[in-house]
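Worksheet for the structure shown next.
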Amino acid sequence: MFPFCFEWAWDMGHAIFFGGFWYAIGILGAGMTYCFLKAAYDTINDNGDSHH
Amino acid sequence: MDDALIPEGAKRCAFPIFMIGIVIVGAVLLWGVYAMFLCWFKGLNQTNMNDYYGFALWIWADLAVIAVGGGAFFTGLLKYIFKVDELKNIINFAVIIGFICYSSALLILAIDIGQPLRGWFIFWHANVHSMLTEVAYCLSCYFAVLTIEFIPNILENRQANKVPFFHHLAHNMHEVMAVFAATGAFLSFFHQGSLGGVAGVMFGRPFAYREGLLIWPWTFFLFTWSAAAFGPCFTLLVTKITERITGKKLVGDKTINLLAKISGWMITTYIIAKIIDTIYWAFVTAPSMGFKLSHFYSNNGLYGYWMLITEVILCGVVPGLLLINKSTRENPTTRTIAIILGVIGVCLNRWVMVLQIMAVPVMSFDTWALYIPSWQEVATTILPVAYGIILIAVAYRYLPVFPQELELNESADAAAQNG
Amino acid sequence: MIENKKVHKFGMVVDLDKCTGCGACMVSCMSENNVPFKEDESNKKDSITWMRVYKLTNGKSFPETEIVYLPRPCQHCGGIGDHGHSPCVSVCPATATDYGYDTGIVSQIYTRCFGCRYCMGACPYHARYFNWWDPKWPKGMENYLSPNVSPRMRGVVEKCSFCYHRYQLAREQAMIEDREIEEMEYQTACTTACPAGAIVFGDLNNPAHKVHQIVKPDPHPDPMNHKVVGKSRNPKVFRLLERLGTNPKVYYMSDREWVRKAGDNYLKGEWENVKTHHGASSSHG
């Protein structure tokens, strides 16, 4: 999972697999971080236009 | 009693009646939980699995719930990426069903492994060349996606939505849902596929082994495709059951027919690919290893050609044709028959790709091995069903799951009031 | 890591015409490797036998009935093309089973295995066993456990290791004395226990070893099936399920044609074409 696990190898297999994994995790993390920060901002400013 | 939590304007049964239902299903759930703890504390000797059946009922259940849970990713993909807006009427429910299916799958895996406390090794010591590693990673990540997709619906609960932060959070999550849905589709493609790959790469098992494209055996693509095809069938089936139990129309016919039509075309194209795959396997792949097709379907008490015919023709070709044909699709009876057949078909396919593989002898002097699950296995397999019923009941009661509910039941309510 | 002077490829050949089916190999294996057993061993589908003796018959009625006993340890497959991607190694999600490129031995790391059993499903030889129960020995018998082999815990998979601990001991001794391992220094328990001398074990890469001389493995891919490498040039020698491309390092030998035929699956008429086909030098013989 991490380069310090001994079975880690700097090869194509690991690059593709963990590249995809960390990419997905990155998007989910960034997306949720954005949502939380934006929600906090909206709450503080309470612009009240958030109907959907 | 719990009126303040029920969505505004929605009619729900009295709280005691609701609780009676929950208690009955809860008893089944507790039975499953008891069996689960038996397996955890006493070990897998509680099951009837053996060294021939290392994969058995649970792995079938796991593959089956993931396949039928595929409705969530596929509906999400259509709604958020391909902008099929009509599906907004069923997307919440599809997500809840997916959430139940995937949480169940993870739970089953946690019971299934011999050393549950070492479950994290699959992540930490990952062998990136194993299909099961890919399954574990994508499954867990996709479960996170489903949770993210489910959260806004939970926050829309009447009381939760009064909290400004929750209100804004739900709104903002809706705004960027396409990003999550795209990630979910990406992850689903790989885990559905790698579940097929689990069987397809076993070159020591001629019943399972398939050739393929690069590192992916054909079963990889067939599993993804079948999950996208039959997943919506399960979404429609659960919707139908929920409508029957609640006595209300919850999703408009236009949405139902649209999803059924998409599912029908997916099933039809899938089944063509499946037939081609089966023919190639039967006449090229298996013979190259010294096996005739009849070897896989004779000399045992259960697995005959009927299995193949039921899966491919009765539960594949038939529902596909019923759903692409306008008149049978729009007829509630034939549509329901088609979606039931479809769900059975995909479950049967997963059964074959798990249990029949284990049953078929490979060494010329070996014998067929059949197995009957223990009650602990059955109980833990029913456990997710009970859990799913409870979660759907609670979600339906307290969350605005079906956007069309009020509109579709307006006249009935009015009639009731007038009457 | 101990430096290897040479890449070994340990393997064995079992002379099925000599095997009497006495089961000494099974007993010695269990004893050597601390294999636990159940109080009731009648259900063979969940009892652990790293070495298992199968009974095969030619299916004919008396007086033509013939029986052969086939001892089956882990086949230590090299996988398609003999590249080390054994059916089990390639599927293990947690890298708990590994292929030793210096020995050709498929290892099992018990403390790494979390018991998903995918390897068992992938192995067509049923050479892998799961610990369904906690390992238990009758009172007093713990004193007889081998100190060189760790007992396994409930919930993990185990299998024949070609008595790897014996290799380790021999390797260390050889390293101290700055020399190669001798053929007889590293022999598996089953080999040494066989009263009929039916099992021959050694380095398939070493022409001086008896196993090599009997098997005469062809190092090149089989022209009829490129997945197969190491096919025997000895017309009496075969491997189990060779056609699948698992490339086992356990070979079998028999004078009897029906026994050799039982080693693999053949479509009607195929056997007649392949029975005389052996490794390179005598191919299409």
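The values are calculated or read from the model by the stated rules, or taken from the named source; none is laboratory data. Computed from a predicted model, the values in this text were never measured in an experiment. For neighbour counting, all protein chains shown are included, and Cβ atoms are generated from backbone atoms with ideal geometry for every residue, glycine included.
Is there a residue in the range A:31-41 that is modelled with pLDDT of 90 or more and either closer than 30 Å to B:Trp216 by Cβ or touching a strand residue (DSSP E or B) at 6+ places or on another chain (Cβ under 7 Å) (or both)?
Yes, some residue in the range A:31-41 is modelled with pLDDT of 90 or more and either closer than 30 Å to B:Trp216 by Cβ or touching a strand residue (DSSP E or B) at 6+ places or on another chain (Cβ under 7 Å) (or both).
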Residue that is nearest to the chain's Cα centre (by Cα), among those in the range C:37-65 that are modelled with pLDDT of 95 or more and of a type in the set (D, E, K, R): C:Arg52
Residue that is nearest to the other protein chains (Cβ to nearest Cβ) [pool: residues in the range B:130-170 that are in contact (Cβ under 8 Å) with a residue 12 or more places away in the chain and not in a helix (DSSP H, G or I)]: B:Glu156
For the range C:120-160: of the residues being part of a loop (DSSP other than H, G, I, E, B) and β-branched (Val, Ile, Thr), which is nearest to the other protein chains (Cβ to nearest Cβ)? C:Val156
Within the range B:78-94, take every residue that is of a type in the set (A, V, I, L, M, F, W, C) and either in a helix (DSSP H, G or I) or in contact with a strand residue (DSSP E or B) (Cβ under 8 Å, 6 or more places away or on another chain) (or both) and give me the one that is modelled with the lowest pLDDT. B:Ile81
Which helices (runs of 4 or more DSSP H) sit wholly inside the range B:205-303 and have at least 1 residues that are within 17 Å of the chain's Cα centre (by Cα) and in contact (Cβ under 8 Å) with a residue 60 or more places away in the chain? B:218-246, B:253-280
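With the structure loaded, tell me whether C:Cys29 is part of a loop (DSSP other than H, G, I, E, B) and under 15 Å from the mean Cα position of the chain (by Cα) or whether it fails that test.
On the way: part of a loop (DSSP other than H, G, I, E, B): no; under 15 Å from the mean Cα position of the chain (by Cα): yes.
Considered against the rule, which asks whether it is part of a loop (DSSP other than H, G, I, E, B) and under 15 Å from the mean Cα position of the chain (by Cα), C:Cys29 comes out as no.
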Flagged in the range C:90-119 as within 7 Å of chain B (Cβ to nearest Cβ), closer than 16 Å to B:Asn50 by Cβ and not basic (Lys, Arg), in numbering order, are C:Gly115, C:Cys116, C:Tyr118
Condition set polar (S, T, N, Q), more than 7 Å from chain B (Cβ to nearest Cβ) and not in a loop (DSSP other than H, G, I, E, B), scope the range A:19-48, selection nearest to B:Ala178 (Cα to Cα): answer is A:Thr33
Between C:Tyr101, C:Tyr186, C:Tyr125, which is more than 29 Å from C:Cys22 (Cα to Cα) and either surrounded by fewer than 22 Cβ atoms within 10 Å (Cβ to Cβ) or among the aromatic types (Phe, Trp, Tyr) (or both)? C:Tyr101
Which numbered condition B:Ile340 fails, given (1) within 14 Å of chain C (Cβ to nearest Cβ); (2) surrounded by fewer than 21 Cβ atoms within 10 Å (Cβ to Cβ); (3) under 21 Å from the mean Cα position of the chain (by Cα): (1)
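Could you list, in sequence order, all residues of the range C:67-89 that are part of a loop (DSSP other than H, G, I, E, B) and crowded, with 21+ Cβ neighbours inside 10 Å?
Taking the range C:67-89 as the starting set, the residues that turn out to be part of a loop (DSSP other than H, G, I, E, B) are C:73-78, C:83-84, C:86-89.
Those that are part of a loop (DSSP other than H, G, I, E, B) and crowded, with 21+ Cβ neighbours inside 10 Å: C:Pro73, C:Cys74, C:Gln75, C:His76, C:Cys77, C:Gly78, C:Ser86, C:Pro87, C:Cys88, C:Val89.
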Return the pair list, or none, for Cβ contacts closer than 7 Å from residues in the range A:7-18 that are more than 7 Å from chain B (Cβ to nearest Cβ) to residues that are in a helix (DSSP H, G or I), at least 6 apart or on different chains. A:Trp8/A:His14
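Just checking, which of B:Ile108, B:Ile59, B:Ile97 is in a helix (DSSP H, G or I), among the hydrophobic types (A, V, I, L, M, F, W, C) and out of contact with any Leu (no Cβ under 9 Å at 6 or more places or on another chain)?
Working: B:Ile108 fails: out of contact with any Leu (no Cβ under 9 Å at 6 or more places or on another chain); B:Ile59 fails: out of contact with any Leu (no Cβ under 9 Å at 6 or more places or on another chain).
Going through B:Ile108, B:Ile59, B:Ile97 in turn, just one is in a helix (DSSP H, G or I), among the hydrophobic types (A, V, I, L, M, F, W, C) and out of contact with any Leu (no Cβ under 9 Å at 6 or more places or on another chain): B:Ile97.
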Verdict on C:Ala196 being under 23 Å from C:Val53 (Cα atoms), surrounded by fewer than 22 Cβ atoms within 10 Å (Cβ to Cβ) and of a type in the set (A, V, I, L, M, F, W, C): yes
For residues in the range C:43-66 being touching a residue at least 12 places away in the same chain (Cβ under 8 Å) and more than 30 Å from C:Arg117 (Cβ to Cβ), which is surrounded by the fewest Cβ atoms within 10 Å (Cβ to Cβ)? C:Glu66
Spans of helices (runs of 4 or more DSSP H) in the range B:332-419 with at least 3 residues among the β-branched types (Val, Ile, Thr): B:332-351, B:375-398
Going by the structure shown, is B:Phe189 of a type outside the set (Gly, Ala, Ser), more than 30 Å from C:His126 (Cα to Cα), under 17 Å from the mean Cα position of the chain (by Cα) and modelled with pLDDT under 95? yes
Answer yes or no as to whether B:Val179 is within 14 Å of chain C (Cβ to nearest Cβ), assigned to a helix (DSSP H, G or I), of a type in the set (Val, Ile, Thr) and out of contact with any Pro (no Cβ under 6 Å at 6 or more places or on another chain). no
Return the pairs, sorted by first residue and then second, in which the second residue is surrounded by fewer than 19 Cβ atoms within 10 Å (Cβ to Cβ), the first residue lies in the range B:98-121 and is away from chain C (no Cβ under 14 Å), the beta carbons are less than 8 Å apart, and the residues are 6+ apart or on different chains. B:Phe99/B:Thr147; B:Phe99/B:Leu391; B:Ile100/B:Leu391
Could you check the range C:161-197 and list, in sequence order, the residues that are more than 22 Å from C:Ala208 (Cβ to Cβ) and in a loop (DSSP other than H, G, I, E, B)? C:Ser161, C:Pro195, C:Ala196
Of everything in the range C:198-221, what is part of a loop (DSSP other than H, G, I, E, B) and polar (S, T, N, Q)? Give them in sequence order. C:Asn205, C:Asn206
Inspect the range C:265-274 for any residue being surrounded by 15 or more Cβ atoms within 10 Å (Cβ to Cβ) and touching an Asp or Glu at 6+ places or on another chain (Cβ under 6 Å) and give the result as yes or no. no
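Does C:Ser107 satisfy the criteria of being surrounded by 24 or more Cβ atoms within 10 Å (Cβ to Cβ) and of a type in the set (Ser, Thr, Tyr)? Let's see the steps before the verdict.
On the way: surrounded by 24 or more Cβ atoms within 10 Å (Cβ to Cβ): no; of a type in the set (Ser, Thr, Tyr): yes.
Here the answer is no, as C:Ser107 does not meet what is asked.
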Of the criteria (1) touching a Leu at 6+ places or on another chain (Cβ under 6 Å); (2) buried (at least 24 other Cβ atoms within 10 Å of the Cβ), which one B:Ser194 fails: (1)
Need the failing condition index for B:Tyr52 against (1) over 27 Å from B:His174 (Cβ atoms); (2) surrounded by 24 or more Cβ atoms within 10 Å (Cβ to Cβ), just the number. (2)
